[in-house]
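A.B. asks: A single structure is presented below for examination.
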Amino acid sequence: MISLLRRRNFLLFLGSELLGAQASIIGLTLVAVAAFDQSFVTSSMLGAIQAILMVLLAFPAGVWVDRMRRRPVLVTAALAHSVLLFSVLAAWSLDLLTMSHLWVVAAGIGVASAFTGVARPSFLPTLVHRDALIAANGTLTAFGSLAGLGAGRAVKWLLAIAAAPVALLIEAIGALVSAFLLHQINAPEAAAAGRRGFMKEFREGLGFLGNYPPLRVVTFATSLAYLSLTVVTVNQARFPYNPMGLSDATFGWLGTGGTAGAAAGALLAWPIARRIGRIRTFWLSLMATQPFLLFVPNDWPGAFQAAPVFVQSLGFSVFVVTQVSCIQAIVPGGLLGRTTAAMYVLVTLLSMAGLLVSTLLNIFFSTQVVLLIGIAGLIAAGAVLMLSLQPALSGKSS
């Protein structure tokens with residue numbers, strides 16, 4: 001990781017990632033509350049618009065990203081993001097701001113985010129060698145987790161001083177600086193493929209995801225892991241924490257353990273992969289850590305209550321970093337946008353499906369049994385990788 005932080009292009013990309021990640025919908029939500037006295041429930045719909053458009057436009061964005069060089073796409077999306085936010089500030093200062101304006105801006109940010117979400121993972125292999133992808137993705141994920149934690153505290157501070165315009169200004173400037181940093185990257189990109197028809201290119205991307213055996217295994221295991229994790233997360237909320245005498249401090253420890261575990265897992269993914277091999281890291285990250293969910297909740301003293309959550313989050317973070325890096329290493333550059341889009345939509349839909357599966361399971365089984373089913377699903381995802389991927393690829397690269 002240290003060597004990556006010495007590379008100019010990667011540092012620029014990391015900086016743009018951190019600034020761009022914080023240029024979210026938070027500022028618009030605060031503006032809706034402050035300017036129009038909207039409830040947080042209503043104003044949160046602005047974020048829902050963004051999330052829905054990111055899913056709906058992911059496939060079209062994947063096709064377009066594969067048709068173009070990725071850096072100009074990222075620069076354009078960041079500039080659009082910044083301009084949209086500055087338009088809100090301008091309207092506010094002129095007393096011309098309306099709720100309709102905020103809806104339009106939220107939709108525009110959703111479109112820009114769809115292209116950014118597909119183009120960023122597709123651009124990374126241009127900046128680092130294939131062997132450094134796990135280290136690069138781990139670094140991006142770790143810094144992103146820590147930045148997200150800091151952003152949450154900043155939001156609380158901005159709410160305390162009623163400074164919604166300040167939050168929006170920070171996001172707008174962050175997006176603008178992100179565009180500048182991306183523009184400074186000078187890594188050469190291969191020429192984009194010519195257009196062959198939208199539907200043909202769309203089917204080509206999906207076909208590669210389903211027809212290449214190792215990638216098919218990764219897709220199935222990823223789907224099972226995210227579906228199972230949603231079932232576990234939903235049912236953990238059903239546990240009778242209060243009757244166990246757990247204090248509010250315990251909830252804080254559990255949340256901190258999850259965030260710290262995710263950041264630690266991202267940083268450790270590459271050292272672990274270098275030590276025991278990439279493929280072994282892939283399946284062990286689930287099979288060796290997800291059983292710790294059996295110890296949540298617990299009545300252990302103080303911060304030790306967060307230990308199982310820390311270990312589980314660490315393992316799942318290693319899995320995610322390895323999974324993303326595997327796809328970037330396997331998929332040809334000209335198909336990476338469409339493949340990334342397909343995986344994003346699949347994971348999002350399966351996470352939503354996990355809510356339905358959890359509800360159905362709770363009709364027939366107790367919360368504890370449903371939790372065990374979810375944990376078994378996470379372990380089974382690792383077993384699928386162990387039994388299918390290890391024999392297929394261990395001879396080439398472990």
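A.B. asks: Tell me, please, whether a residue that is over 18 Å from the mean Cα position of the chain (by Cα), modelled with pLDDT under 90, part of a helix (DSSP H, G or I) and surrounded by fewer than 16 Cβ atoms within 10 Å (Cβ to Cβ) can be found in segment 123-136.
C.D. replies: yes
A.B. asks: For segment 177-188, indicate whether the set of residues that are at pLDDT below 90 and either over 26 Å from residue 273 (Cβ atoms) or outside the structural domain of residue 77 (by TED's automatic domain parsing) (or both) is non-empty. Steps first, answer last, please.
C.D. replies: The initial filter retains those residues of segment 177-188 that are at pLDDT below 90, namely 187-188.
Filter once more, keeping what is either over 26 Å from residue 273 (Cβ atoms) or outside the structural domain of residue 77 (by TED's automatic domain parsing) (or both): 187-188.
So far as segment 177-188 goes, yes, one or more of its residues are at pLDDT below 90 and either over 26 Å from residue 273 (Cβ atoms) or outside the structural domain of residue 77 (by TED's automatic domain parsing) (or both).
A.B. asks: Another question, if that's okay. Contact list please: Cβ distance under 8 Å, first residue in segment 72-85 and not assigned by TED's automatic domain parsing to the domain that holds residue 103, second residue of a type in the set (Phe, Trp, Tyr) and part of a helix (DSSP H, G or I), pairs at least six apart or on different chains.
C.D. replies: Close Cβ pairs (under 8 Å, with a partner that is of a type in the set (Phe, Trp, Tyr) and part of a helix (DSSP H, G or I)) do not exist here.
A.B. asks: In segment 353-367, which residues are under 28 Å from residue 118 (Cα atoms) and either free of Cβ contacts under 8 Å to residues at least 40 places away in the same chain or in the same structural domain as residue 59 (by TED's automatic domain parsing) (or both)?
C.D. replies: 356
A.B. asks: So which residues in segment 2-57 are part of a loop (DSSP other than H, G, I, E, B), at pLDDT below 85 and within 20 Å of the chain's Cα centre (by Cα), if there are any at all? First the steps, then the outcome.
C.D. replies: Initial filter on segment 2-57 (part of a loop (DSSP other than H, G, I, E, B)): 2-3, 7, 23-25, 37-39, 44, 57.
Okay, now just the ones that are also at pLDDT below 85, so 2-3, 23-25, 37-39, 44.
Of everything in segment 2-57, those that are part of a loop (DSSP other than H, G, I, E, B), at pLDDT below 85 and within 20 Å of the chain's Cα centre (by Cα) turn out to be 23, 24, 25, 44.
A.B. asks: Within segment 182-219, track down each residue that is of a type in the set (A, V, I, L, M, F, W, C), surrounded by 12 or more Cβ atoms within 10 Å (Cβ to Cβ), over 21 Å from the mean Cα position of the chain (by Cα) and farther than 30 Å from residue 283 by Cβ.
C.D. replies: 185, 187, 192, 193, 198, 202 - these are the residues of segment 182-219 that are of a type in the set (A, V, I, L, M, F, W, C), surrounded by 12 or more Cβ atoms within 10 Å (Cβ to Cβ), over 21 Å from the mean Cα position of the chain (by Cα) and farther than 30 Å from residue 283 by Cβ.
The values are calculated or read from the model by the stated rules, or taken from the named source; none is laboratory data. Nothing here was measured: the structure is a model prediction, and the numbers come from that model. Using ideal geometry, Cβ is built from the backbone for each residue, glycine included, and neighbour counts are taken over all protein chains shown.
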